[in-house]
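Worksheet for the structure shown next.
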Amino acid sequence: MTFSKVLLALDSCRAAWFPLIIWGVLVLFVLALLLALEDGLKRLAKLHRVPCNHCRYHTGNPYLRCPVRPMEAFSESALTCGDYEPTPSPPPWRVWDTLRQRFKGDRPHPQYQPAHRR
């Protein structure tokens, strides 16, 4: 067997394996992408369970979110916060008073006006 025949055999062998190698790399890339997406979704679901938004000490200020534990606010370590106290919900009549004050200047809907005013 001459050297040119060996090179020709290697060249044909390389041509047959090259598309398979490309497809293998592509499949591994897509698999890594899907695993990273799954890991990100798990982390996001865990962070959505952080109770800081409903805590009594939450200030709503982007510079100081929690005066009690500022370094742990809205992080994974806040899941086990010992200082968490839920914000008390206002009684229903306070909610209606707030809504009435907010829309005090608006004209009422014609359907809800008394009959003598129509």
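The values are calculated or read from the model by the stated rules, or taken from the named source; none is laboratory data. Keep in mind it's a predicted model, so treat the numbers as computed, not measured. Because the Cβ atoms are built from the backbone with ideal geometry, glycine has one as well, and the counts that use them run over all protein chains shown.
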>> Exactly one condition in (1) in a helix (DSSP H, G or I); (2) modelled with pLDDT of 90 or more is false for residue 69; which is it?
In response: (1)
>> With the requirement that a residue be part of a loop (DSSP other than H, G, I, E, B) and either in contact with an Asp or Glu (Cβ under 7 Å, 6 or more places away or on another chain) or of a type outside the set (Ser, Thr, Tyr) (or both), what does segment 72-92 give you?
In response: 72, 73, 74, 81, 82, 83, 85, 88, 90, 91
